[in-house]
Each structure stands twice: as C-alpha cells, then as structure tokens.
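Written out below as structure tokens is the structure these notes cover.
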C-alpha cells in the first residue's frame, strides 16, 4: 500500500519529498534507491507531481516541434520534386533544340548532296558538330539514326545529281531520309515529357 508523500517520515524520503517539490526528482532518484521497485515508485510520484500547466506547456512545445518538422519535411520534398522537374524540362528543351538544329543542317546538306557531285567538307561540318553533341546527351537509338542520316548524306554525293523536279518528286513520294530520325526523336521527347 502506498502512503502519501506527506506521511513519509524518514530523513532520506523527506529529502526526496522536498526534491519533488523543487522538481529535482530525476537527479535524486538514482543515488537514493537501488532497487527497481523504488525507482518505479519514484517515477510514479514524479508523474503525479507534474502540474497541469507543465503538461500543457510540454504538449504545446512538442506539438509545435512536430508541426514544424512536418512542414519542413513537406517543403523539402516539394522543393526537391520541383528541382527535378525543372532539370528534366531543361533537358527536354535542350534536346528539342539540338534535334531541330540537326534536322535543319542535315536537310540543307542533303539538298546540297542531291544537287552536287563534289562534296565540300565545309558543308558537313555543322552536321558533324551536331552529331557529336547528340553523342553527348541522347539515347543510342537517336544516335544510331543520326549517324545513318550522315552516312546517307555522304553516300548521296557519290550518286548522280538530281534536278529540282526530281528532288521535289522524291519529297512528295515520301522518300525522306530524316523521317525515321524525326520519329525516334519525337518518341524519346514524349517519353521524357511523360516523366514530368
């Protein structure tokens, strides 16, 4: 049977009662008692002796900490996701520009190859430069098709020249060496866009 704190008469326990009143229970319990039962009883006394104001203050502090931690974690997660989306959007924009430039330069070089037999290396420099940039950032499918387009352009210089009417006829009949490259680029960009 437990006795109220006021009925405890031993000097050590009355010292403990004063320590409880001053909220020094945790520093006093360990040196005075060595048994588990005594420590448990003192812990119960300490819990009973907490005032409602102290409990309310602790609850407010812990509630604020949990709220701040939750808010900080949510902000961090949102910012990280936003940074990832921004990086992916920049990659998509960069690749769109790269593929567009390659298509423009390759089309110009292809028309030059259809009209002339002699290849001027200066005409192929922009296409080779763009091909090297494609090697840096694009998928293997896009790279393989870009290399095939450049090989097609070089091979066209060795073929007989075409008249403007023949070039127009080839274009209307769907003979477009850039078609497959364009389709693969569009598929890659759509795949990247779906990740946003």
Inset, instruction - Examine the range 126-133 for a residue that is assigned by TED's automatic domain parsing to the domain that holds residue 185, surrounded by 12 or more Cβ atoms within 10 Å (Cβ to Cβ), free of Cβ contacts under 8 Å to residues at least 12 places away in the same chain and not in a loop (DSSP other than H, G, I, E, B), and state whether such a residue exists. - result: yes
Legend entry - Output for the range 177-196, where each listed residue is surrounded by fewer than 14 Cβ atoms within 10 Å (Cβ to Cβ) and farther than 18 Å from residue 95 by Cβ: 179
Inset, instruction - Name the one entry in 58, 114, 13 that is at pLDDT below 90 and either touching a helix residue (DSSP H, G or I) at 6+ places or on another chain (Cβ under 7 Å) or assigned to a loop (DSSP other than H, G, I, E, B) (or both). - result: 114
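In the range 160-179, which residues are part of a helix (DSSP H, G or I) and over 18 Å from residue 101 (Cβ atoms)?
Filtering the range 160-179 for residues part of a helix (DSSP H, G or I) gives 164-172, 179.
Listed by number, the residues that qualify are 164, 165, 166, 167, 168, 169, 170, 171, 172.
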Legend entry - The one condition in (1) touching a residue at least 24 places away in the same chain (Cβ under 8 Å); (2) within 28 Å of the chain's Cα centre (by Cα); (3) surrounded by fewer than 16 Cβ atoms within 10 Å (Cβ to Cβ) that residue 86 fails to fulfil: (1)
Inset, instruction - Would you mind finding the one in 65, 143 that is assigned by TED's automatic domain parsing to the domain that holds residue 180 and farther than 30 Å from residue 168 by Cβ? - result: 143
Inset, instruction - Could you tell me which of the residues 71, 93 is in the same structural domain as residue 158 (by TED's automatic domain parsing) and either part of a helix (DSSP H, G or I) or surrounded by 10 or more Cβ atoms within 10 Å (Cβ to Cβ) (or both)? - result: 93
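The values are calculated or read from the model by the stated rules, or taken from the named source; none is laboratory data. All values derive from a computational prediction rather than experimental measurement. So basically every Cβ, Gly included, is an ideal-geometry build from the backbone, and we count neighbours across all protein chains shown.
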